[in-house]
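Presented below is the structure to which this report refers.
The values are calculated or read from the model by the stated rules, or taken from the named source; none is laboratory data. Computed from a prediction, not measured in an experiment: that's the story for all the values here. We place every Cβ from the backbone using ideal geometry, glycine too, and count neighbours over all the protein chains shown. Note: areas computed on protein heavy atoms with side chains; ligands, DNA, RNA excluded. Shrake-Rupley method; radii C 1.70, N 1.55, O 1.52, S 1.80 Å.
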Amino acid sequence: MKQTKRRFEPFAFYNSTGICRHLEKMAAKGWMLSWMSTYWWTYQRTQPRKLHFAISYLPNLSQFDPDNLEERQEFLDYCTHGGWHLACSTAQMHVFWNEEENPTPLETDPELELESIRASAWKGFLLGNGLLLGISLFQIFLFTMLYLGNPINVLSNSLLVYSVMCFLIAAAWAVTDLVCYSRWSSKAEKMAPLGSLPQPVDTRHLGKGVTYLVVILLLIEVVRGIASGQQTSPWMLVIPTCLFTLLLSQAMQALQDWLRRRGASRGLNRALIAVLCISGGMTYAIGMMFLRPAANAAELAIRGAETYTVQGESYTAYQDAVPLSLEELTEAQTGFYSTRRTGDQTIFLSRYSVTQEPRLDAQNQDELPSLRYTVYSIFWPSLYEICKRDLLETGVLMEQYILYSYIPADPTPWGAEEVFQRLNNAEGLENEFLLCYDNILVTIEFSWMPTQEQMELAGRKLASSADFGIW
């Protein structure tokens, strides 16, 4: 029979009545709280008992202070004398249990209790949520700047979109916590002189829902990224990154608890935790140096890519399936080319790019044609004009002069609604085009000037290739 249970319990730290009511229910089921961090609690199996729980806050303490601190020991002795036994503690919060039928309340002065909660909040709850909110808003700001500079690439980057979604959720969660605490604190200030404190809003289920949503979205993105065969290596690295972060946080908590039990000073505890954090970061960086090549090799194996050598240097030749190839457009022979398709997809749009270039070991490699194109499938109609304008404004700025721009071209051969051709202000028109269809945008670049027949074939193939991308 299982003797230990670990549970995710995102209670607000000041929700003492909600926590005590929950622990009483767990004790009645035969589970006693034995260890707790901010959100992860550990229970040990015991005989089912009817117990009373109470929580007291010591604002002068921190999670780095030793357990044998004189102030803490005096407080515990006082509680034990009143029949209250310590279940566990974390930072300023101490959880006690009592098996008497009608125990003497541990906290008898609501005003002093409110003062202790407020003082404790500044050391952990408010500081932590403030940092979370600040970091999240800063990341959202950076995302906004990236979006304003290059919206189409930002909106098609699944890792970036997922990250900003997490930061939006984190910011909303931090704001919710801070607003709930502020409202509770204001009510408590009015009620404390009357002999009671208000019941806080229970945000535990909301916290669980938000966490599960983030994890589910991450799993979906990881599976989709790996299964696509085009984003395997970056998403494969997400898994060890998450596992390492979890292990490092557990190791830091275990070291912190061990140092507290051994009576290490607050300064020593903080210093050793900082050393572990820094060394863990260095270990992660070194590990990524070895994992990244392995992830890249796994991606190449999934895609069936071939490695070849030219003058002692190794190169990779891809043979990905593509909707339009040089073999269809020209008389190019199969096997002389590396055909690579990369792509990504978000809730906003999908993007996949194809590059078909001669292998470096091909005969007359410099004389063989090449082809590049990128297909954007816009899921939200309101983003279509934004993305088209972004592609049209990709001119290179140098010394306040635009080196490249797009000018309108005849859309008839392409079967498109609009077509634009790139103009090099120094060398004239180039063989690069922007094709605009109903909900699809295509940029395509030839190493030669395509004929009308080639334009018709390319337009027909690419206009119906939206579903050819990631999956």
Exercise. Over the C-alpha atoms of region 146-233, what are the Rg and the largest Cα-to-Cα span, Dmax, in Å?
Worked result: 19.9, 65
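How much of the accessible area of the chain, probe 1.4 Å, is carbon plus sulfur, in whole percent?
59 percent
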Exercise. Non-local amide H neighbours of residue 349 (under 5 Å, H modeled in plane, Pro and chain starts lacking H): which ones?
Worked result: 379
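State the extension gain, in nm to one decimal, for the chain segment bounded by residue 366 and residue 431, taking 0.36 nm per residue of separation less the distance between their alpha-carbons.
Numbers: separation 65, 0.36 × 65 = 23.40 nm, distance 1.76 nm.
Full extension from residue 366 to residue 431 adds 21.6 nm.
For the chain, what relative contact order do you get, as a whole percent, if you take Cα pairs closer than 8 Å and at least 6 residues apart?
Details: 706 pairs, mean separation 52.7, N = 471.
Averaging sequence separation for qualifying contacts and normalising by length gives 11 percent for the chain.
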Exercise. Computed over the Cα atoms of the chain, what is the ratio Rg over Rh, Rh following Kirkwood?
Worked result: 1.13
For this session: Per residue of region 262-270, in order, report the coupling 6.51 cos²θ - 1.76 cosθ + 1.60 (Karplus, θ = phi - 60°) as ³J(HN,Hα) in whole Hz, putting x for Gly and Pro.
Result: 7, x, 5, 5, 4, x, 5, 4, 4
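If you build the Cα gyration tensor of region 172-315 and take the root of 5 times each eigenvalue, what three semi-axes come out, in whole angstrom, biggest first? Intermediate values should be presented prior to the final figure.
Working: eigenvalues 428, 127, 21 Å².
Taking √(5λ) for each Cα gyration eigenvalue gives 46, 25, 10 Å.
Per DSSP helix of 4 or more residues, -39500 (n - 2.57); summed, then divided by the residues of the chain. What does that give at 222 nm, rounded to the nearest 500?
Working: 12 runs with 221 residues, N = 471.
Counting only the DSSP helices, I get -16000 deg cm²/dmol.
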Seminar exercise, completed: Net charge (Lys, Arg +1; Asp, Glu -1) of residues whose beta-carbon lies under 12 Å from that of residue 201, residue 201 excluded, is +1
For this session: Rounded to the nearest 10 degrees, what's the angle between the helix 16-28 long axis and the longest principal axis of the chain, both from Cα atoms, 0 to 90?
Result: 80 degrees
Exercise. Where does helix 204-228 land angle-wise versus the long Cα axis of the chain, in degrees 0 to 90, nearest 10?
Worked result: 30 degrees
Problem set entry | Linear extension gain, residue 405 paired with residue 100, 0.36 nm per residue minus alpha-carbon span | 101.6 nm
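Of 141, 125, 379, 96, which has the most accessible area and how do the rest follow, probe 1.4 Å? Walk me through the intermediate numbers first.
On the way: 141 110, 125 25, 379 85, 96 0 Å².
The ordering from most to least exposed comes out as 141, 379, 125, 96.
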Exercise. Around residue 40, which amide H atoms from residues at least 5 apart in sequence, or from another chain, sit under 5 Å from its own amide H, with H modelled in the peptide plane?
Worked result: 9
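Please tell me which of these pairs span more than 23 angstrom C-alpha to C-alpha: 25/208; 5/123; 50/208; 50/187? Could the numbers behind the result be given before it?
Working: 25/208 19 Å; 5/123 29 Å; 50/208 27 Å; 50/187 31 Å.
From 25/208; 5/123; 50/208; 50/187, over 23 Å: 5/123; 50/208; 50/187.
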Exercise. Taking Cα atoms, how many degrees apart are the long axis of helix 158-191 and the longest axis of the chain, rounded to 10 and kept between 0 and 90?
Worked result: 30 degrees
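Tell me the per residue accessible area of the chain using a 1.4 Å probe; a whole number in Å² is fine.
Details: 25200 Å² over 471 residues.
Averaged over the residues of the chain, the accessible area is 54 Å².
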Seminar exercise, completed: Any lysines whose Cα falls less than 30 Å from that of residue 461, other than same-chain ones fewer than 8 residues away, would be 388
For this session: Using Cα centres only, tell me the gap between region 313-353 and region 58-123 in whole Å.
Result: 66 Å
Seminar exercise, completed: Residues whose modelled amide H sits under 5 Å from the amide H of residue 406, counting only those 5 or more places away in sequence or on another chain, are 423
